[in-house]
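Please read the structure below before turning to the comments.
The values are calculated or read from the model by the stated rules, or taken from the named source; none is laboratory data. Everything numeric here is computed off the predicted structure, so don't read it as measured data. Ideal geometry is used to build each Cβ from the backbone, glycine not excepted, and the neighbour counts take in all protein chains shown. The protein model used for the area step is the full one, side chains on, heavy atoms only, and it has no ligands, DNA or RNA in it. Shrake-Rupley method; radii C 1.70, N 1.55, O 1.52, S 1.80 Å.
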Amino acid sequence: MAPTSKADKKAGDVAAWMFNVVTSVGIIIVNKALMATYGFSFATTLTGLHFATTTLMTLVLRWLGYIQPSHLPVSELLKFMVFANFSIVGMNVSLMWNSVGFYQIAKLSMIPVSCLLEVVLDKIRYSRDTKLSIGIVLLGVGVCTVTDVSVNAKGFIAAFIAVWSTSLQQYYVHFLQRKYSLGSFSLLGHTAPAQAGSLLLLGPFLDYWLTNKRVDAYDYNFGSLMFIILSCTIAVGTNLSQFICIGRFTAVSFQVLGHMKTILVLIMGFFFFGKEGLNLHVVLGMIIAVVGMIWYGNASSKPGGKERWSHSLPTSRQQKHGGFPETTEHDGKV
């Protein structure tokens, strides 16, 4: 039975990852078309609509009985909402205030920040091969995406906030699922309504500040509405698959393997929009990044690739009743 169970887990990991890749790449393409073709530049409000649609999905699933009642303290929900909303706002502002090159460097820096969080908070230790493979991924994606790099003070602050809030938000997804024994659907059922409400309330004002345009004055038409609906529909899968992947893996693995989506977006961009950006150093960067991802997958799954040397995550009720052992343990997540 053990080999079958291991095979089933591996198949589930692959399915979860492919689900995230397909929905993430899909929503990027749809949003690019929505903004470029129809001029809908209200990114924060659109994200609020995404979470509103996700909230509707969780309500339907709860009504059908697929989501069981669960508990998440308000204090934990508020902390998560702060991290998540600062992540969304920070990334949007960072993109506006920084060059594309520095924006990409900031995104790449989320991997070492996520590693630091795991080392400090979860007492994770990485093997030499795991560290080197992460470095190879960073090098490859950097070669692919980083071009012009210019830095200014307010752009640096925005990028700093975006990097740390995004890393904390992704770490917290994994933390909350483990601490409160919450499934991906259950955690989304707690967090999506809070994010939808806050982003729909603040989004129009933030978007006006960023674009000097009002979302209520936008010239909506059939085409733009169809793309907004399509974006919101795909976003349900994107939000859910992110929680599933971080729950099954870790925030670091999600970041490392997540750069496969960056490469796929580049390839599809060349395919759909022309090959003028496709040159030798971009292709070389893609190859380096893919090699690094394969190496990371192998290195981190080996004994000693990623180890937790002491139990660091207190649980609520489960720990009091012996739900999690207090002994040193391997981190079985890839």
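Screening A7, A84 for residues that are surrounded by fewer than 12 Cβ atoms within 10 Å (Cβ to Cβ) and either in contact (Cβ under 8 Å) with a residue 24 or more places away in the chain or assigned to a helix (DSSP H, G or I) (or both) leaves exactly one candidate, A7.
Only a single item in (1) under 19 Å from G183 (Cβ atoms); (2) touching a residue at least 40 places away in the same chain (Cβ under 8 Å); (3) of a type in the set (G, A, S) is not met by S99, and it is number (1).
Residues of segment 188-237 that are touching a helix residue (DSSP H, G or I) at 6+ places or on another chain (Cβ under 7 Å), under 18 Å from L77 (Cα atoms) and of a type outside the set (S, T, Y): L188, G189, H190, A192, P193, A194, Q195, A196, L199, L200. For segment 93-112, taking the residues that are under 18 Å from A153 (Cβ atoms) and open to solvent by 20 Å² or more (accessible area, probe 1.4 Å), the one that is modelled with the highest pLDDT is identified as S109. In the condition set (1) among the hydrophobic types (A, V, I, L, M, F, W, C); (2) surrounded by fewer than 21 Cβ atoms within 10 Å (Cβ to Cβ); (3) in contact (Cβ under 8 Å) with a residue 60 or more places away in the chain; (4) in contact with a Ser or Thr (Cβ under 9 Å, 6 or more places away or on another chain), F40 is compliant with all but (2). With respect to G332, determine if the residue is at pLDDT below 70, at positive phi, open to solvent by 30 Å² or more (accessible area, probe 1.4 Å) and not charged (D, E, K, R). The answer is no for G332. Within the set V25, V30, V14, the sole residue that is aliphatic (A, V, I, L, M), part of a helix (DSSP H, G or I) and open to solvent by 70 Å² or more (accessible area, probe 1.4 Å) turns out to be V14. Cβ separations smaller than 7 Å between residues 6+ apart or across chains give the following pairs from segment 278-295 residues that are farther than 9 Å from V143 by Cα and open to solvent by 20 Å² or more (accessible area, probe 1.4 Å) to residues that are at pLDDT 80 or above and polar (S, T, N, Q): W295/S133.
From the list V21, V82, the one residue that fits, being closer than 24 Å to H259 by Cα and not acidic (D, E), is V21. Just one of the numbered conditions (1) part of a loop (DSSP other than H, G, I, E, B); (2) open to solvent by less than 40 Å² (accessible area, probe 1.4 Å) is not true of P69: (2). Checked against the criterion of being of a type outside the set (A, V, I, L, M, F, W, C), open to solvent by less than 60 Å² (accessible area, probe 1.4 Å) and within 20 Å of the chain's Cα centre (by Cα), segment 222-230 has no qualifying residue. Checked against (1) in a helix (DSSP H, G or I); (2) at pLDDT below 90; (3) open to solvent by less than 80 Å² (accessible area, probe 1.4 Å), E76 meets all criteria but (2).
For segment 116-160, a tally of residues being without any contact (Cβ under 8 Å) to a residue 60 or more places away in the chain and small (G, A, S) returns 2. For segment 1-52, the set of residues classified as polar (S, T, N, Q) and more than 18 Å from the chain's Cα centre (by Cα) consists of T4, S5, T37, S41, T45, listed by residue number.
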